[in-house]
1. Looking at Ala190, Ala142, Ala117, Ala123 in this structure, which one is in contact with a Gly (Cβ under 8 Å, 6 or more places away or on another chain), among the hydrophobic types (A, V, I, L, M, F, W, C) and in contact (Cβ under 8 Å) with a residue 60 or more places away in the chain?
2. Test Ile272 against the criterion of being in a helix (DSSP H, G or I), over 25 Å from Leu169 (Cα atoms) and among the hydrophobic types (A, V, I, L, M, F, W, C), and give yes or no.
3. So which pairs qualify, if the first residue must be in segment 389-412 and under 17 Å from Gly111 (Cα atoms) and part of a strand (DSSP E or B), the second must be more than 16 Å from the ligand (Cβ to nearest atom) and among the charged types (D, E, K, R), the Cβ gap must be under 6 Å, and the two must be at least 6 apart or on different chains?
4. Exactly one of these conditions fails for Gly297: (1) buried (at least 18 other Cβ atoms within 10 Å of the Cβ); (2) outside any helix (DSSP H, G or I). Give me its number.
5. Given the options Ser137, Ser129, Ser116, name the one that is polar (S, T, N, Q), closer than 21 Å to Ala46 by Cβ and in a loop (DSSP other than H, G, I, E, B).
6. Answer with yes or no whether Thr109 is of a type in the set (Val, Ile, Thr), more than 7 Å from the ligand (Cβ to nearest atom) and outside any loop (DSSP other than H, G, I, E, B).
7. With respect to Phe88, determine if the residue is within 16 Å of the ligand (Cβ to nearest atom), in a loop (DSSP other than H, G, I, E, B), among the hydrophobic types (A, V, I, L, M, F, W, C) and within 24 Å of Arg107 (Cα to Cα).
8. Name every residue in segment 372-403 that is crowded, with 18+ Cβ neighbours inside 10 Å and more than 16 Å from the ligand (Cβ to nearest atom), in order of residue number.
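Any read-out appearing in this document is the output of simple, stated calculations on the displayed coordinates, not a laboratory observation. Quick caveat: nothing in here was measured; it's all calculated off a predicted structure. Cβ atoms come from the backbone with ideal geometry, glycine included; neighbour counts cover every protein chain shown.
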Amino acid sequence: MNLEQLNQEYHCFNIIQDLQEKEEGKLKGLKISVKDSICVKDMESAAGSKMLEGYKPVFHATAVQKVLNEGATIIGKTSQDCFGFGSFSMNTGIGFSQPLNPIDKTRVTGGSSGGSACLTKLADFDHVSFGESTGGSIACPAAYCGVVGFTPTYGRISRYGLIDYGNSLDKLGLIAKTVKQCAEVLEIVAGHDEKDSTSIDAPVDQYTKFLNKDIKGLKIGIIKESLQEGIESEVKAAFELTINKLKDKGAIVEEVSLPLTFKYGISVYYLIAMCEASTNLAKLCGIRYGAEEKPEGNFNEYFSKVRSENFNEEAKRRIILGTFARMSGFRDAYYIKAAKIRTLIINEYKELFKNYDVLVSPTMPNVAPKIEDVKKLTPLQNYMMDVLVCGPNLAGLPHISIPVGEQTLPIGFMIMGDHLQESKIIQVASEVEK
Ligand code: GLN
């Protein structure tokens with residue numbers, strides 16, 4: 001397959017560039033594409049933004065280094081929503097093209113790891129993509145493009161070398177054609193990293209052992225709220241068909257409820273994500289970091305100019321909202337309150353995991369929407385699309401989206417596990433995949 005041609009048609013890459021450091025290893029022959037927000041040494045890594053145009057890291061992200069050590073080849077940086085801000089990959093940075101859905105070019109890929117999911121669907125070679133999820137950016141595009149999207153427990157894969165969106169939420173994860181590929185690469189990239197203070201120091205399972213393992217007797221909870229209003233009928237039908245298959249295989253399936261998560265999840269997620277994003281972007285002011293301009297005027301004039309010209313509208317919106325919500329006088333009412341409710345949401349999931357091995361829901365309430373329809377959405381309507389994916393991300397839970405059903409446009413089935421229970425979701429996912 002000619003990657004240049006493919007990119008001209010679908011815009012899934014920001015940069016096509018090969019890098020191999022070792023010939024031998026467990027991942028020999030595997031090609032890995034990397035979301036633009038993940039650092040690859042000497043390869044422009046701009047998180048899809050004009051602000052970081054030309055930035056070439058002097059180091060590899062830990063996950064990148066680990067796959068290179070095992071003989072994998074990096075093939076380039078994939079396109080994304082600028083800084084990870086978006087659910088459709090339509091919020092690309094100034095000067096970047098948006099990726100197109102690999103099944104229907106009039107539709108979106110989902111976001112923010114849209115380029116990764118698009119390329120994964122189209123690749124006719126052994127390939128896995130590194131994606132990133134703060135609030136659903138792996139599961140969403142995987143569902144819309146018909147591929148497997150795996151997001152680990154927060155801290156299970158090192159964040160070292162990931163350009164921050166929201167530090168308490170960001171996870172590096174995997175997009176692949178099969179669950180097996182995810183399990184194989186996860187075994188390599190998971191694990192403690194002293195360069196990331198939030199990385200978990202716990203043993204890494206042999207995830208591949210859980211592929212094709214019997215699911216008889218496993219307890220699965222269907223999240224009731226995920227099937228209520230706003231869900232497209234074909235998504236519901238494909239979901240229910242999969243549930244019946246799982247029951248046939250001997251799983252015990254019951255309905256469960258997450259009232260708090262569904263009532264407050266979106267608001268809490270966007271408050272926390274924007275607060276963290278606004279602090280992270282503060283350093284990009286054209287002095288030490290970020291685009292540079294001709295030094296003119298005083299400091300305020302200079303950095304206002306740099307930030308006005310190089311941030312797109314959505315980044316500016318998030319900087320303003322996030323800064324407001326953590327400002328003195330407002331932080332108790334917004335940021336602190338959101339952080340407290342986040343803890344209650346985590347507890348709500350934890351209660352369910354006392355009785356259930358995994359929880360399931362559709363990944364997205366719809367099939368990939370048309371580009372023209374997304375253009376008509378208000379920012380709030382955009383944010384609401386994350387209703388099913390923001391919960392597990394807020395709680396730092398591992399989750400996987402698997403394509404299900406036989407319809408032309410892909411539909412994602414999402415499996416969520418308790419912290420560090422990646423093996424269980426791989427076990428159930430490999431059954432769903434059959
Ligand atoms: N759609 C969410 C947002 O815009 C998720 C982004 C992400 O996971 N990077 O914040």
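1. On inspection, the qualifying residue turns out to be Ala142.
2. No, not satisfied.
3. Close Cβ pairs (under 6 Å, with a partner that is more than 16 Å from the ligand (Cβ to nearest atom) and among the charged types (D, E, K, R)) amount to Ile402/Glu433.
4. Evaluating Gly297 over (1) buried (at least 18 other Cβ atoms within 10 Å of the Cβ); (2) outside any helix (DSSP H, G or I) leaves (1) as the failure.
5. Ser137
6. No, not satisfied.
7. In short, yes.
8. Residues satisfying the conditions are Ile402, Pro403.
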